[in-house]
1. Among the strands (runs of 3 or more DSSP E) confined wholly to segment 96-169, which include 3 or more residues that are under 22 Å from the mean Cα position of the chain (by Cα) and not hydroxyl-bearing (Ser, Thr, Tyr)?
2. Is there a residue in segment 122-130 that is hydroxyl-bearing (Ser, Thr, Tyr), touching a Lys or Arg at 6+ places or on another chain (Cβ under 8 Å) and open to solvent by 40 Å² or more (accessible area, probe 1.4 Å)?
3. If THR175 meets every condition in (1) part of a helix (DSSP H, G or I); (2) crowded, with 18+ Cβ neighbours inside 10 Å; (3) within 12 Å of the chain's Cα centre (by Cα) apart from one, which number is that one?
4. If I filter segment 5-16 for residues that are assigned to a helix (DSSP H, G or I), within 16 Å of the ligand (Cβ to nearest atom) and surrounded by 14 or more Cβ atoms within 10 Å (Cβ to Cβ), do I get at least one hit?
5. Name every residue in segment 185-235 that is more than 18 Å from the chain's Cα centre (by Cα), modelled with pLDDT under 90 and of a type in the set (D, E, K, R), in order of residue number.
6. Could you list, in sequence order, all residues of segment 74-90 that are open to solvent by less than 40 Å² (accessible area, probe 1.4 Å), among the aliphatic types (A, V, I, L, M) and more than 16 Å from the ligand (Cβ to nearest atom)?
7. Go through segment 74-87 and give me each residue that's over 11 Å from the mean Cα position of the chain (by Cα) and either in a loop (DSSP other than H, G, I, E, B) or free of Cβ contacts under 8 Å to residues at least 24 places away in the same chain (or both).
8. Could you tell me whether any residue of segment 59-66 is in a strand (DSSP E or B) and over 22 Å from GLY228 (Cα atoms)?
Amino acid sequence: MEVRDKILVVEDDAGICNVMVAVLSTNRYEVLTAASGRQADTLVRSHCPDLVLLDLGLPDLDGLELIRRVRGWSGMPIVVVSARSQEADKVAALDAGADDYIVKPFGAEELLARIRTALRHARSAGVSAEIARTGRLRVGGLEIDYDKRQVAVDGQPVHLTPNEYKILALLGKNTGRVLTYDAIIQELWGPGTQSDNQILRVNMANIRRKIEKNPAEPQYVFTEAGVGYRMAEEK
Ligand code: CA
């Protein structure tokens, strides 16, 4: 019997909710819906969905609060789908524990692609398992050798500083996902480190100069303006 992934759609706008349900159902997902935060909280606990699509503007509580509640006991993937398009809103959601963030209005293909990425990450058979098994990550012509701490592009070794390597290695373990500036800084320099996005930007400019054919149009590491960085998915 085919096991289908179960997705909980948390959305109080009936029109948007119906569109999402239609898109998900035709793509063979099992779908549950909740129109309020409290209902979502209950369904998350009783049905343990494989993934949650979460609107932030809910009638009874803020979606951010729901993310924090769920993160108190579960690492289930949460993809925010919100009309809030400010950088600060994306950062807040990602730092609260959301896996990804989509701004309304969204395209069906984008929604499905983000869902696939989040589900893949939730399964340990994803990128980390691949790295653990082979010690390497390949994204197009970029190769990171985690055992030797070496990076090559199209077979040519690239010389990175220790910090540049750490940043690239971290992004490589999270391909397809946005890592916020803060998340990267905390991971690299320890919790409580004063956030200094400027240092990160300088490092990223140097990394791009070394690995990208055209640093202005990167193909390996993308900037989510004002939010963070995302490494391209494995190909
Ligand atoms: Ca809403």
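The values are calculated or read from the model by the stated rules, or taken from the named source; none is laboratory data. All values derive from a computational prediction rather than experimental measurement. Neighbour counts run over all protein chains shown; Cβ positions are idealised from the backbone, glycine included. Protein only, heavy atoms only, side chains kept; ligands, DNA and RNA dropped before computing areas. Shrake-Rupley method; radii C 1.70, N 1.55, O 1.52, S 1.80 Å.
1. Working: elements: 100-103, 136-139, 142-145, 150-153, 156-158.
Once the strands (runs of 3 or more DSSP E) in segment 96-169 are filtered for at least 3 residues that are under 22 Å from the mean Cα position of the chain (by Cα) and not hydroxyl-bearing (Ser, Thr, Tyr), what remains is 100-103, 136-139, 142-145.
2. Step one: filter segment 122-130 for residues hydroxyl-bearing (Ser, Thr, Tyr), giving 124, 128.
With the extra rule that they be touching a Lys or Arg at 6+ places or on another chain (Cβ under 8 Å), the set shrinks to 128.
The next check asks that each one be open to solvent by 40 Å² or more (accessible area, probe 1.4 Å); those that pass are 128.
Within segment 122-130, one or more residues are hydroxyl-bearing (Ser, Thr, Tyr), touching a Lys or Arg at 6+ places or on another chain (Cβ under 8 Å) and open to solvent by 40 Å² or more (accessible area, probe 1.4 Å).
3. The one condition THR175 does not meet is (1).
4. Just the residues of segment 5-16 that are assigned to a helix (DSSP H, G or I), to begin with: 14-16.
From what is left, the residues that are within 16 Å of the ligand (Cβ to nearest atom) are 14-16.
Narrowing further to those that are surrounded by 14 or more Cβ atoms within 10 Å (Cβ to Cβ): 16.
The answer is yes; a qualifying residue exists.
5. ASP196
6. Of segment 74-90, the ones open to solvent by less than 40 Å² (accessible area, probe 1.4 Å) are 74, 76-82.
Now narrow it down to the ones that are among the aliphatic types (A, V, I, L, M): 76, 78-81.
Of everything in segment 74-90, just one residue is open to solvent by less than 40 Å² (accessible area, probe 1.4 Å), among the aliphatic types (A, V, I, L, M) and more than 16 Å from the ligand (Cβ to nearest atom), namely MET76.
7. Initially, segment 74-87 is screened for residues over 11 Å from the mean Cα position of the chain (by Cα), giving 74-76, 81-87.
Those that are over 11 Å from the mean Cα position of the chain (by Cα) and either in a loop (DSSP other than H, G, I, E, B) or free of Cβ contacts under 8 Å to residues at least 24 places away in the same chain (or both): SER74, GLY75, MET76, ALA83, ARG84, SER85, GLN86.
8. Here is the first cut: in segment 59-66, the residues in a strand (DSSP E or B) are 62.
Retained after the next criterion (residues that are over 22 Å from GLY228 (Cα atoms)): 62.
Among the residues of segment 59-66, at least one is in a strand (DSSP E or B) and over 22 Å from GLY228 (Cα atoms), which makes the answer yes.
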